[in-house]
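Reviewing the structure listed below.
The values are calculated or read from the model by the stated rules, or taken from the named source; none is laboratory data. The structure presented is a predicted model; accordingly, all values stated were derived computationally and were not measured. Here Cβ is always computed from backbone atoms with ideal geometry, including for glycine, and neighbour counts include all displayed protein chains. The area values use the complete protein model at the heavy-atom level, side chains included, leaving out ligands, DNA and RNA. Shrake-Rupley method; radii C 1.70, N 1.55, O 1.52, S 1.80 Å.
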Amino acid sequence: IFIDGSNLYHALRANIGRNDLNFTDFAAKLCGERRLFRIYYYNVLQDPSQRPEGAREQAEFLDALRKTPYLEVRLGGLKVSQGVPVEKGIDIMLATDLLYFAWNDFYDVAVLVSGDSDFVYAMQAVKNMGKHGEVV
């Protein structure tokens, strides 16, 4: 399971007004009868100098995530552009992992959790590889 953390966070806040999620139960629901190999959670670290409270809350959240079985946290960076912090490297990191793992036959089915249409091309590439990889 490949999770675009920021995208999931904002979708949860916008659609149900909360962002707490039991990742173990969530993964079980996504896998159904399939065996879970690993969950990859992608996000960036909040800058404590910009948002001290947000950085503290995120640190607690990431500590809890790291205790989730089969879950690996992968962090990108932030760049400030015109005074606004912007994620850097997350989408390409996730897409690269998705393609690398498919190319090496590390999965039969990948579940991508994101609402970002930028991943459509990577998902199409996995499909066109002609290997066992499938993205849902």
Quick one: net charge of G54's neighbours, Cβ under 12 Å, K/R +1, D/E -1? -2
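Please compute the length gained on full extension between R13 and E57, using 0.36 nm multiplied by the number of residues separating them and subtracting their Cα-Cα distance.
Details: separation 44, 0.36 × 44 = 15.84 nm, distance 1.52 nm.
Fully extending the segment from R13 to E57 adds 14.3 nm.
Within the set of other residues whose C-beta is less than 11 Å from the C-beta of V80, count the net charge using Lys and Arg as +1 and Asp and Glu as -1.
Working: positive: K79, K88; negative: D47.
That sum, taken over residues with Cβ under 11 Å, equals +1.
Tally Lys and Arg at +1 and Asp and Glu at -1 over the other residues with C-beta under 13 Å from the C-beta of L36: what net charge comes out?
Numbers: positive: K29, R34, R35, R38; negative: D25, E33, E72, D108.
Every neighbour counted, the sum reads 0.
For region 1-106, which whole-number percentage of the solvent-accessible area (1.4 Å probe, protein heavy atoms only) is attributable to carbon and sulfur atoms? Numbers along the way, then the final one.
Details: 3540 of 6760 Å².
Summing carbon and sulfur atoms, their accessible area is 52 percent of the total for region 1-106.
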Consider a paramagnetic label point 7 Å from the Cα of Q50 along Cα→Cβ; state which residues of region 67-102 have an amide N under 14 Å from it. 76-90
Roughly what would the spin-label model give for F106 and Q124, points 7 Å off Cα along C-beta, in nm? 2.5
DSSP bridge orientation in region 21-103 - percent antiparallel, rounded to nearest 5: 45
Regression test value, accessible area per residue of the chain, probe 1.4 Å, units Å², expected 63
Computed FRET efficiency, Cβ-Cβ of I92 and A28, R0 35 Å: what is it to the nearest 0.05? 0.75
Taking amide H positions as placed 1.01 Å from N in the peptide plane, with prolines and chain starts having none, which residues 5 or more places from R74, or on another chain, fall under 5 Å of its amide H? Y41, Y42, N43
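List the chymotrypsin sites (Phe, Trp or Tyr not before Pro) in region 98-127 that DSSP assigns to loop (not H, G, I, E or B) and whose Cβ has at most 16 other Cβ atoms within 10 Å. Which are they?
Values: sites: Y100, F101, W103, F106, Y107, F119, Y121; in loops: F106, Y107.
Here the sparse-neighbourhood loop sites are F106.
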Using only alpha carbon pairs under 8 Å that are at least six residues apart, calculate the relative contact order of the chain and give it in whole percent. 26
